[in-house]
Structures are given as C-alpha cells and as structure tokens.
1. Apply the a/c threshold of 1.5 to the C-alpha gyration tensor of the stretch 181-311 and tell me whether it is rounded, prolate or oblate.
2. Kindly provide log₁₀ I(q)/I(0) values, in the same order as q = 0.17, 0.22 Å⁻¹, from the Debye equation applied to equal alpha-carbon scatterers of the stretch 380-437.
3. Could you order 397, 365 so the one with the most accessible surface comes first? Probe is 1.4 Å.
4. What are the DSSP H helices in the chain that stretch 30 Å or more along their long axis, judged by alpha-carbon atoms, and whose average Kyte-Doolittle hydropathy comes to at least 0.0?
5. Residue separation times 0.36 nm, minus the C-alpha to C-alpha distance between residue 84 and residue 403: what's the value?
6. Using Cα pairs under 8 angstrom and six or more residues apart, how large is the relative contact order of the stretch 93-221, in percent?
7. Please say if the stretch 293-337 is rounded, prolate or oblate, where rounded means a/c under 1.5 for a ≥ b ≥ c the square roots of the C-alpha gyration tensor eigenvalues, and otherwise the choice is prolate for a/b larger than b/c and oblate otherwise?
8. Subtracting the Cα-Cα distance from 0.36 nm times the residue separation, let me have the gained length for residue 416 to residue 246 in nm, one decimal.
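The values are calculated or read from the model by the stated rules, or taken from the named source; none is laboratory data. Fair warning: this is a prediction, and the values are worked out from it, not measured in the lab. Cβ coordinates were reconstructed from backbone atoms using ideal geometry, including for glycine residues, and neighbour counts include every protein chain displayed. The accessibility values were calculated without ligands, DNA or RNA, using every heavy atom of the protein model including side chains. Shrake-Rupley method; radii C 1.70, N 1.55, O 1.52, S 1.80 Å.
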Amino acid sequence: MNIRKKLFGDKAFYRMVLGVTVPIMIQNGITNFVGLLDNIMVGRIGTEQMSGIAIVNQLLMVFNLAIFGAISGVGIFSAQFFGCKNHQGVRHTLRFKIYVCMGILVLGIFALVAGGEQLIMLYLHGEGNDQALQATLAYGKEYLWVMLAGLFPFVIEEVYASTLREGGETKVPMIAGVVAVLVNLALNYLLIFGKFGFPELGVVGAAIATVISRYVQAAVVIVWTHRNPDKMPFIVGAYRELRVPAQLTWNITKKGTPLMFNEILWSAGVAIMTQCYSTRGLDAVAALNISTVISNLFNVVFVAMGSAVSIIVGQLLGAGKMEEAMDTDRKLIAFAVLSSVAIGAVVVLLAPLFPQLYNTSDEVKRLAALLLRVAAVCMPVFAFLHTTYFTLRSGGKTIITFLFDSVFLWCVSIPVAYVLSRHTGMAIAALYLSCQMLDLIKCVIGYILVKKGVWLNNIVAE
C-alpha cells in the first residue's frame, strides 16, 4: 500500500468525517470565539480583572476535566454499544454517568468553597505590586463564588451531550452550544458594562452571564433528547429503573477509572505547570491567558478530530471491523496533523495582531504574541498527541492512556517546569517552549503504540 492510500481517504471518507467533525468544530469554535470576546471584554476593564478570571478558570478546568474524564471512561462503552445497536447498554451507561458525575460535583464544590482563596493565591507572584496582587485575588474570589452555581447545569449537559455524540448526533449539542454562547455574549455585554439599564457588575456580571448560558445549554440538549425518542431510542425507559448491572459497573470502573483519574491528574498537572509559569509575574499570567484563549480558538480542528476518532473508530471497534478501524484511524490522524500545520502557519503570521485587542500594557501584548507563536509551532505536535490519545482510549486501553498522559506529565513535564522556573532565570517564552517540546517524547511513544495496534479491541462483546 502506497503512502497516499495509507494516509488519505476518498471523497466519501472526508464527507463522512466532516459530517461528524464540522458540527463539533462549529460548536467549539463559537464557544472559544465567544470565550475570546468575553476575555477581551473583561480585558477592557483591566489586567487584574482579566488575570483573576484566568486563574479561577484554570482551577475550574480541573473540575471540568474530571467530569470529562468520568464521562469519557463510560463513553467508550456507550460508543461501542451504539455500534452494535444495544440501546439497553446505552441506558445503563447514561445512568452510570449521572451517578459518578454527581459524586464529582459534590466533591468539587466542597474543595472550591473550602480552599478557593488559597488556590488562587498560589498563582499570585511579583515584587512591589501588592496592590495589584490583592486586586487580582479579590476579583478572582468574586468570580468563583458566582461560577459555583453553574457547575450543576454543566454536569447534566455534559452527560446528555456526550451520549448524543457517542451515538453520532453531533448537531444538537452544537446548536445548544451556539444558543448558549449567544446568550452568554449578550448578557456579558449587558452585565459587564451595564448597558441598556442593566447594572455594571464587571467580573461578577461575566460570571452571571456564564451561569445563565449553561442552564440554557442544558435545557436545549435535555428537552431535544426526551422529545426525539425515535432518533435516540435509549432515552425510552432510561429512568424506569435506576440500577446498572454489576458486571457492567465493574467493567466500566475497571476501564473508566484510570481515564477519570488521568483527566483529574492531567488538569491538576496543567494547573501546576501554569503556576510554575506564574513565577515570572502577573505580566506572564496575563500574557499566557491571552495566548491560551486565542490558540484555543484555532485548536478546534484537532480537538474535533479527537472526538471523530472516539466516535467513528469506537463504533467500528464495537461492530468488530478491526481492519477498517485501523485504516480509518491512520487517515484521521494524518488529517488532524496536516490541518494543524496549515493553521499553525497562519497563527504564526497573525500572532502580533490579536493582543492589540486588549486594554493592557505593551509588555503583556509583546509576551502574549510570543507565547502565541510558541503555541502555533506546537499545534501539529498537539494534534498528533490528541488523536493518538483518543485512538488508544477508543479500544479501552485506559491504563496505557493514563501512563501516556498523566504519568508523563507528572514524572517528566512538571519536574522540568519546576526546576526551570525556580532555579533558572529563563524568560517566560523560553520556559514555555522548553516545557511544550517535551511532548515530542510522547509523540514517539504514541506512534509506536498506535502502529502496534494494541488498541484494536471490542470491549462490549458478550
């Protein structure tokens, strides 16, 4: 088989892939675009407000990814149940998602209420600017207390939306996301700046807008699911009983627990990495926030490709089509990497323009452009790792993904970041690049694991 046939599909293949990924790209793209606009709106108020929200969002990311990890661990079963048209199996996985996510919700709220202020303070560094540090802490606390009210609708929406996606229904979560971000954007404008008679609430207004939009998003997904049982048969009788079979519970726990802990440890590890970067001062925190928000807008392509691997390859594995799964996966990875090369090149060229949208210092703008270029150069690496991770996960190889992802982060990336941030005078851009380039080691490991086909498993076969 020549290289072209191995790495590239025909028109029908790309129509199928785009049918799955485009709705996800649109949803993520609009969400990240509105996130960018939110960031700019808050950034127009001041650097301290922007930094306070950025720190809290870094902490909330740990909770969000814990939910994502729990759902993903169950989702590898849901996708394969959909593949073999076992609707009762999907009902069981839906209930399991709800149980485990409610547990994480209770623990998450407790942790953020009890230790929120101390966690925010870990990111506040710099000499001679105590007033700015205290202001950043105060804004962060205001934002956090309101955002806690949005955790419940976020959890329920994720449970339903993930199940729809695993069944190949990506348009409804996209529509819900679009509606939510439009509500969020409108309310941000009204509540942050106090327009059309609304109170001027600043960071609190930004939080209230986000919370309301999450309730709207959850309502759209839940109502559609229950009103369309012909398209989503699993919802019929989903709550007629509350049990999950013991054997399935054990199988999900065995496969899913490493994935959930992986996401928790990975997100906590990223928070620690950011804390290491924050030792370079508030300017570094603000610049990293700007570059992250902007790069996330362009990362939607490879993020959607990861979801495509999870859905398409997962269903092929559930149907027992191993050779087709291997061929499809190889082409999806190639598509993700090549797309990211093109997108990264565009971001490198446009990097200096984006920070100009913010009302912040010239130094923060300069650092943000530099960090954005670093992120752009790394995009193809991230694309390969993302699709490789989802490949291993689709076949239930969650212990391997745990080692591949979190163990590497905690045993390699974090120690390097800690040493470089505490024991060298390395500038933030060089520090950031050095830490990101460690992922090249993971690329080699990921390539070997995917090529060997260790992930070619049907985990729902009787």
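1. Numbers: a/c = 2.35, a/b = 1.30, b/c = 1.80.
Oblate shape, in that a/c is at least 1.5 and b/c is the bigger or equal ratio.
2. The Cα Debye sum returns log10 ratios of -0.65, -0.87.
3. 397, 365
4. 11-45, 47-83, 87-121, 171-193, 203-227, 246-278, 322-350, 362-394
5. Full extension of this stretch gives 111.9 nm more.
6. Contact order relative to length: 28 percent.
7. Oblate, because a/c is 1.5 or more while a/b does not exceed b/c.
8. Contour length minus the Cα-Cα distance gives 56.9 nm.
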